[in-house]
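The values are calculated or read from the model by the stated rules, or taken from the named source; none is laboratory data. All figures in this text were calculated on a predicted structure; none of them were measured in a lab. Note that we place each Cβ from the backbone using ideal geometry, even for glycine, and neighbour counts take in every protein chain shown.
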Amino acid sequence: MHNDISEIYFSEQDLADRVREMGEAITRDYAGVAGSDGIVVISILRGGAVFTCDLIRAIDLPLEVDFMAVSSYGNGVKSSGVVRILKDLNTDIRGRHVIIAEDIIDSGLTLKYLMQNLESRGPASMTVAALMRKNTENQADIPCRYVGFTCPDKFIVGYGLDYAERYRNLPYIGVLKPEIYQ
Ligand code: PRP
């Protein structure tokens, strides 16, 4: 696996430090609302799973975690904006404080759909924590309260991000060598 990587873009330490900061910010911001109707962190599978597992351990408040799996219809390269729910929540989020944990925002269309869908379920509040946000032209207008990093315009994998379902288990985010995907 490591031989397929040309450059480590965010090291294991970079990721640990930034995710800890994001968790600390969430802890500060939600300290007043963490009662019994408190926080539900919703992890968007599959890419968001690794980030979520680290993020929740950096939040020093009572919370629940749940998972959604979605797939976008389209040609597989760009999101079409039409999203199919493959796995829905087990949790009723009505009246709860929802934090959506995503690995990356590119077109923003996945989150736009998800936020509309989740909003219709009547949460008390909803924010987004994204590990990375790309500088994509015409990105959907997503109010993203917690952003870890601006994402490079490179083919990156690791820490949850895949190429053909591989590399998600790399502990860092690295740039994939072009010969692997060309
Ligand atoms: C990635 C990522 C986001 C989405 C972002 O998921 O995890 O969910 O794409 O793209 P967008 O902002 O253009 O909508 P992907 O469809 O690759 O599935 P995965 O998480 O299972 O790898």
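Looking at region 125-144, which of its residues are touching an Asp or Glu at 6+ places or on another chain (Cβ under 8 Å) and at pLDDT 95 or above? MET126, VAL128, ALA129, ALA130, LEU131, MET132, listed by residue number.
Name every residue in region 1-20 that is part of a helix (DSSP H, G or I), in contact with a strand residue (DSSP E or B) (Cβ under 9 Å, 6 or more places away or on another chain) and within 20 Å of ALA49 (Cβ to Cβ), in order of residue number. Residues satisfying the conditions are ASP14, LEU15, ARG18, VAL19. The set of residues in region 172-182 that are surrounded by fewer than 16 Cβ atoms within 10 Å (Cβ to Cβ) and either part of a loop (DSSP other than H, G, I, E, B) or touching an Asp or Glu at 6+ places or on another chain (Cβ under 8 Å) (or both) comprises LYS177, GLN182.
For region 148-171, check the following and say yes or no: at least one residue is crowded, with 17+ Cβ neighbours inside 10 Å and within 15 Å of GLY108 (Cβ to Cβ). Yes: one or more hits.
Among the residues of region 23-44, just one is in contact with a helix residue (DSSP H, G or I) (Cβ under 6 Å, 6 or more places away or on another chain) and outside any strand (DSSP E or B), namely GLY23.
Residues that are within 13 Å of the ligand (Cβ to nearest atom) and either part of a loop (DSSP other than H, G, I, E, B) or not aliphatic (A, V, I, L, M) (or both) within region 120-137 comprise ARG133, LYS134, ASN135, THR136, GLU137, listed in sequence order. Which residue pairs have Cβ atoms closer than 8 Å, lie 6 or more positions apart in sequence or on different chains, and pair a first residue in region 104-132 that is of a type in the set (D, E, K, R) with a second residue that is modelled with pLDDT of 95 or more? Taking only residues 6 or more apart or on different chains, the pairs are GLU119/MET126; ARG121/ASP92; ARG121/ILE93; ARG121/ARG94. Checked against the criterion of being surrounded by fewer than 21 Cβ atoms within 10 Å (Cβ to Cβ) and not in a strand (DSSP E or B), region 98-107 has at least one qualifying residue.
On inspection, ILE142 qualifies as surrounded by 16 or more Cβ atoms within 10 Å (Cβ to Cβ) and part of a loop (DSSP other than H, G, I, E, B). Here region 5-46 is the region considered, the condition is being within 16 Å of the ligand (Cβ to nearest atom) and surrounded by fewer than 19 Cβ atoms within 10 Å (Cβ to Cβ), and the residue that is nearest to LEU161 (Cα to Cα) is ARG46. With the condition kept exactly as written, say whether any residue in region 162-180 is within 25 Å of ILE39 (Cα to Cα), touching a strand residue (DSSP E or B) at 6+ places or on another chain (Cβ under 6 Å) and either among the basic types (Lys, Arg) or within 12 Å of the ligand (Cβ to nearest atom) (or both). So far as region 162-180 goes, no, none of its residues is within 25 Å of ILE39 (Cα to Cα), touching a strand residue (DSSP E or B) at 6+ places or on another chain (Cβ under 6 Å) and either among the basic types (Lys, Arg) or within 12 Å of the ligand (Cβ to nearest atom) (or both).
Here THR91 fulfils each of the conditions (1) more than 13 Å from the ligand (Cβ to nearest atom); (2) touching a residue at least 60 places away in the same chain (Cβ under 8 Å); (3) not in a strand (DSSP E or B) apart from (2).
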